[in-house]
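The values are calculated or read from the model by the stated rules, or taken from the named source; none is laboratory data. On a predicted model such as this, the values are computed, not experimentally measured, just so you know. No Cβ is skipped: glycine too gets one built from the backbone with ideal geometry, and neighbour counts run over all protein chains shown.
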């Protein structure tokens, strides 16, 4: 499948952790939800401040995925 991205990672201890996937400010929340399928149990979409240059911030979306010790996220592009 050419339309699947799999991201796997791990940390040394079994502690609550968060992986963050930042989107460009031109990507809307609707586009994220419409075009991507996240194969994960505990994720939320929130905002962050994208800084394209010094002293300039633009609000954009970030996908946050909570995990313990091992992370496996499968993103399917529709």
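Could you check how many residues of segment 29-78 are assigned to a loop (DSSP other than H, G, I, E, B) and in contact (Cβ under 8 Å) with a residue 12 or more places away in the chain?
Qualifying residue count, segment 29-78: 5.
For residue 21, which of the numbered conditions (1) exposed (fewer than 10 other Cβ atoms within 10 Å of the Cβ); (2) under 20 Å from residue 76 (Cα atoms) fails to hold?
(1)
When segment 1-18 is examined, which residues are found to be more than 15 Å from residue 77 (Cα to Cα) and modelled with pLDDT under 85?
Hits for segment 1-18: nothing passes.
Answer yes or no as to whether residue 26 is loosely packed, with under 11 Cβ neighbours inside 10 Å and over 12 Å from the mean Cα position of the chain (by Cα).
Criteria met by residue 26.
Search segment 29-45 for residues being exposed (fewer than 12 other Cβ atoms within 10 Å of the Cβ) and closer than 13 Å to residue 66 by Cα, and hand back the single one that is modelled with the highest pLDDT.
Checked segment 29-45; the qualifying residue modelled with the highest pLDDT is 44.
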